[in-house]
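Working notes for the structure below.
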Amino acid sequence: MAQTTPPGRAPRGQDATAGQSAWAAGGVAFAGVLMLVEGIFGTIKGIVGIAEDDVYSRVGDYTFKFDVTAWGWIHLVVGIVLAVVGAGILKGAAWARVTGVAIVSLDIILNFMWLPYTPIWALISIAIGVFVIWALCTDTTTTRSPAA
């Protein structure tokens, strides 16, 4: 006699957490897209900082006194790396997860240091970074093959 499984339940012998990993996998795909977008915006932010020193204005005296051009180069390099790693995450590359956590952690620190120049966007970037790290660290699926 064949036994049917009620909807929403995993059949016996299968992992009951399969639905949870689908949420995590969706979070990783969204994290990859967010990394691409954050990388593109970081690249634009860097180009603007390099091209025009008077676009960003400092609010008061700040401990991390870098020239805006120096900040521009920092954001340009980190933005390009973020976009490349984000594309790697979307392709399911194994190296991209660890690299993603590391580069997004660096991006969070840089955006914290960038707060006096663009406070609202820096806070948004920090929140995006926290989500990306969470998504990359909680995904329990193995690397996805492109053919699957």
Point to revise | Area of residue 35 that stays accessible when all protein chains are in place (1.4 Å probe, Å², to 10) | key: 0 Å²
Practice item. Using 0.36 nm per residue of separation minus the Cα-Cα distance, give me the extension gain between residue 51 and residue 124 in nm, one decimal. Key: 23.9 nm
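The values are calculated or read from the model by the stated rules, or taken from the named source; none is laboratory data. Not measured: the values here are computed from a predicted model. What goes into the accessible areas is simple: the full protein's heavy atoms, side chains included, and nothing from ligands, DNA or RNA. Shrake-Rupley method; radii C 1.70, N 1.55, O 1.52, S 1.80 Å.
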